[in-house]
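Presented below is the structure to which this report refers.
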Amino acid sequence: MAYQFSRRQWVFSIAYGQTIIAILTIVNVFYPQYLNYTFIVFIIGMVIFTALMMKTQLKHITGKEAKEIKSGRRLFKSKSDEIKDLQLKDPKLVQELKPMLKTTMLSFLSLIVLLAWYPMYFGWARGFVSTAENADVATKIAVFLAGYEIPYAIMMTINTFTRRRMKETVQVIMNYEVYDKGVIGTGLVVNFPLDENYSIRISPARKFVEVIKSERGSSIRYRLYTRSYERLWDIIKRYGNPQKYEYEK
């Protein structure tokens with residue numbers, strides 16, 4: 001599932017990361033006997049952060065907008081087995097998902113670098129601050145802080161680079177419902193009528209309707225696979241009143 005941070009989430013992620021780094025640096029400086037445990041704390045902190053981001057991504061389950069949409073009349077419900085079958089038969093989907101797969105691989109490689117970096121660097125850092133002459137508190141802070149900030153900066157640079165390269169992402173919605181007030185799906189909440197940021201793409205050959213959201217020079221294509229694409233399109237056209245749409249021939 002593709003995921004992009006909003007500006008607010010991006011600021012939060014930086015603040016969260018720097019807070020964890022500050023805490024671990026203080027622990028390393030003043031409680032060096034716990035150095036072996038700080039990596040575990042760091043990993044747990046990242047897991048908690050990921051969970052918070054996933055909770056935000058899945059806010060449609062209890063969100064006010066979702067409740068408002070569900071108060072309307074349900075007009076269409078997807079079939080998971082049908083979606084899976086249509087995905088497998090879509091010859092272009094794998095090619096479209098390749099950029100996101102590359103991003104995932106880069107993130108995985110970043111994690112491997114982090115796992116290798118920590119024991120190597122902090123093994124050296126522990127020996128340095130314990131044997132170096134005139135290793136005052138400021139020096140210790142600088143040494144341990146660099147141990148966290150260098151890999152953090154590398155990961156942030158990779159994430160920023162990949163986000164800027166990915167001007168368009170495809171998100172296949174595996175479970176969705178369409179009401180007269182909007183569309184709800186996994187990671188998707190869209191109100192009707194659609195505003196100017198949204199457009200629609202209908203592909204009869206590949207059996208899907210896409211709800212495309214374009215903002216700040218990038219777009220997310222929320223793909224709704226169904227054999228009843230004509231019916232789905234009719235519902236979206238009638239209640240969503242899209243200003244822009246493309247019907248593939």
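Report the gain in length on full extension from residue 249 to residue 137: 0.36 nm times residue separation, minus Cα-Cα distance, nm rounded to one decimal.
Here the segment from residue 249 to residue 137 would lengthen by 33.4 nm.
Pairs of alpha-carbon atoms within less than 8 angstrom and 6+ residues apart define the contacts here; what relative contact order does the range 173-247 have, in percent? It would help to have the intermediate numbers written out before the result.
Details: 136 pairs, mean separation 24.0, N = 75.
That works out to 32 percent.
Can you give me the P(r) profile for the chain? Cα pairs, bins 5 angstrom wide beginning at 0, each as a whole percent.
1, 5, 11, 14, 14, 12, 10, 8, 7, 6, 5, 4, 2, 1, 0, 0
Just in the range 148-207: which trypsin sites (Lys or Arg not before Pro) are loop by DSSP and have at most 16 other Cβ atoms within 10 Å?
167
Check which residues have an amide H placed less than 5 Å from residue 182's amide H, if you skip close sequence neighbours.
192
With a cut-off of 8 Å between alpha carbons and a minimum separation of six or more residues, what is the relative contact order of the chain in percent?
Details: 292 pairs, mean separation 56.9, N = 249.
Computed over the chain, the figure is 23 percent.
Mark the label point 7 Å from the Cα of residue 73 along Cα→Cβ and return the residues of the range 171-210 whose backbone N is within less than 19 Å of it.
Hits in the range 171-210 for residue 73 at 19 Å: 177-184, 191-194.
Output the relative contact order of the range 124-249, whole-number percent, from Cα pairs under 8 angstrom with separation of 6+ residues.
22 percent
From the helices alone, meaning DSSP H stretches of at least four residues, give me the mean residue ellipticity at 222 nm for the chain, per-run term -39500 (n - 2.57), in deg cm²/dmol to the nearest 500.
It lands at -19000 deg cm²/dmol.
Longest span of the chain, sites excluded, free of GluC sites (Glu not before Pro) in DSSP loop with at most 12 other C-beta atoms within 10 Å?
Excluding the exposed sites themselves, the longest stretch runs over 1-132.
Between residue 115 and residue 196, what FRET efficiency follows from the Cβ-Cβ distance if R0 is 51 Å, with the result rounded to 0.05?
Efficiency computed from Cβ-Cβ geometry: 0.65.
First measure r as the distance between the Cβ atoms of residue 37 and residue 105, then evaluate 1/(1 + (r/R0)^6) with R0 = 30 Å and state the FRET efficiency to the nearest 0.05. Don't skip to the end; give the middle numbers.
Working: r = 30 Å, r/R0 = 1.00.
For R0 = 30 Å, the calculated efficiency reads 0.50.
Return one number: the angle in degrees, 0 to 90 and rounded to the nearest 10, between the long axis of the Cα atoms of helix 7-30 and the longest principal axis of the Cα atoms of the chain.
Roughly 20 degrees, rounded to the nearest 10.
What do you get when you divide the Cα radius of gyration of the range 173-247 by 2.2 N^0.38 Å, with N the number of residues?
The reported ratio for this selection is 0.99.
Where a number appears in this text, it was derived from the coordinates with a stated rule and is not lab data. Just so we're clear, the structure is a prediction, and the values are computed from it rather than from any experiment. Ideal geometry is used to build each Cβ from the backbone, glycine not excepted, and the neighbour counts take in all protein chains shown.
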